[in-house]
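Take a look at the structure below.
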Amino acid sequence: MKEEERSEVFLDSAPWKPGQNGAASSRSVSYELRMRLWLAAIGTLLLVLCGTLLHTWGVDSFTIFICLLTLAILWLFLAERALHRIVTPLQTLTNVIAAIRSEDFSFRVRGARRGDAAGDLAMEINRLSESLQAQKRDATEARALVDRVLSTMDAPVLAFAEDGALAMVNRAARTALGLQLTDMGCSAEELQVESLLELEDSTLMPQPPRGLAGRWMLRRSAFRLQGRRHWLVMLTEIGSALREEERQAWQRLIRVLGHEINNSLAPIKSIAGTLQLRLAPETDAESNPSRDAQLRKGLGIIESRADSLNRFLQGYRKLSALPALQRQPVAVLAFMQQVTALDHGVPVTITESEDRVALIDPVLMEQAMINLLKNAAEATLERSAQEGSAARPIEVMWRVAGDDLVIEIRDYGLGVLNESNLFVPFYTTKPEGSGIGLLLTQHVVEAHSGTVQLANHPSGQGCVVSITIPA
């Protein structure tokens, strides 16, 4: 850190008065007056003694008057100089202490030396100022470090006074909860975040406060600031961590089950095919057509189900083996035009949006977008078939929200029927679905440090998928 500037004043120089000309209080003025009265009394006594002595020696009155006048002038000059030498160092030290009290530690007293009372006092004041200056510098640097850490944290952090008023909020909390700097001093009830002060520490929040989605853990601790008790609240998003643990658990389970099932599926399928070949031809006179037909049907079902189960396992293995991201700058408009140009069964339109450049993996993100557009097209076709009307186009749009890029896909299908099971592995409402499409999309988006949300449109027609990734 650059060395702070320092001003110096001489111990015997004219006093500098920081901020106010009346630095000398009424007590210091009375001290100067008392000194003048003492000096005046001593001078008067000396003049009386000199006049009496001269009169005793027989000196004439005019000479006595001239001598006493000369002595009085000389005494006034010397008394004033002595008073200046006494009062000026005190005023200088007073002004330096006043600067210290105002937290201005840049002033020092020059001319201080050991061996006299004023010099010792000045040197101790200089050392006190240097010590306080170092403490202020350390406190400022520590506060700057804390502010930098809080501003760069992705977790929302808030501080509330004992009466519930908001005392501090970091950038992540302002973004997540929709707060503004003008909300400082407002109560938790006014900000609709009173649950942050009602729940216990290390609690999984049953209902996240406004603006938050997912599963959040609340951590809270008490601290004192300026003698007042405060509460420090930190929110940690644990939904993605829980989903990652869940995904790893599914991977381990499928790895074990897949190995065992594959060991049985291969011989079952092979034996079923061999038995079908060994069945007597339908033209054989000794064959039983009814029995052979039943055997062929049963063996065909066994072979078909074994093949379906094998495809099912291979599909989830593909999901669990998601490749590492290969990020690169991609123009969003060109990327969307490429994705929507594919045949999805339903027209896809791009709502006019500002072109942006995003740092993404175009291959993985394209696969995620294709999955979402495929789901939107199937839902739209299903509704149009039920109503007997033409399928309305799917709408794709995007916008920038702070530091994030938000991509939205709007369809006019039947909407979301069971939101709680959307990202459950193998769960599907489609006859030919595998239940891994949305889960794969979620993994791709979360690998980009983003989130994906599905919700029914407020109008009741269709669904809106929102993908939020760092821009």
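The values are calculated or read from the model by the stated rules, or taken from the named source; none is laboratory data. Just so it is clear, the model here is predicted, and its values are computed rather than measured. For neighbour counting, all protein chains shown are included, and Cβ atoms are generated from backbone atoms with ideal geometry for every residue, glycine included. Just so you know, the surface numbers come from the protein's heavy atoms only, side chains and all, with ligands and any DNA or RNA stripped out. Shrake-Rupley method; radii C 1.70, N 1.55, O 1.52, S 1.80 Å.
One table, with the values for the structure above:
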| item | result |
| --- | --- |
| The listed residue being of a type in the set (D, E, K, R), under 30 Å from residue 241 (Cα atoms) and not in a loop (DSSP other than H, G, I, E, B), out of 108, 143, 127, 174 | 174 |
| Per-region count, segment 146-195, residues without any contact (Cβ under 8 Å) to a residue 24 or more places away in the chain and among the β-branched types (Val, Ile, Thr) | 5 |
| Hits in segment 381-420 - residues which are of a type in the set (Lys, Arg) and surrounded by 15 or more Cβ atoms within 10 Å (Cβ to Cβ) | 383, 392, 410 |
| Segment 67-80: number of residues that are over 16 Å from residue 36 (Cβ atoms) and surrounded by 11 or more Cβ atoms within 10 Å (Cβ to Cβ) | 5 |
| Inter-residue pairs, beta-carbon under 6 Å, first without any contact (Cβ under 8 Å) to a residue 60 or more places away in the chain and in segment 360-383, second open to solvent by 10 Å² or more (accessible area, probe 1.4 Å) and assigned to a helix (DSSP H, G or I), 6+ apart | none |
| Any hit, segment 82-98, residues being among the hydrophobic types (A, V, I, L, M, F, W, C), touching a strand residue (DSSP E or B) at 6+ places or on another chain (Cβ under 7 Å), within 30 Å of residue 38 (Cα to Cα) and surrounded by 16 or more Cβ atoms within 10 Å (Cβ to Cβ) | yes |
| Residue check for residue 163: open to solvent by 60 Å² or more (accessible area, probe 1.4 Å), under 23 Å from residue 401 (Cα atoms) and not in a helix (DSSP H, G or I) | no |
| Residue satisfying all of: in segment 166-191; touching a Gly at 6+ places or on another chain (Cβ under 9 Å) and of a type in the set (S, T, N, Q); least open to solvent (accessible area, probe 1.4 Å) among these | 187 |
| Test: residue in segment 108-124 that is under 30 Å from residue 170 (Cα atoms) and open to solvent by less than 60 Å² (accessible area, probe 1.4 Å) | no |
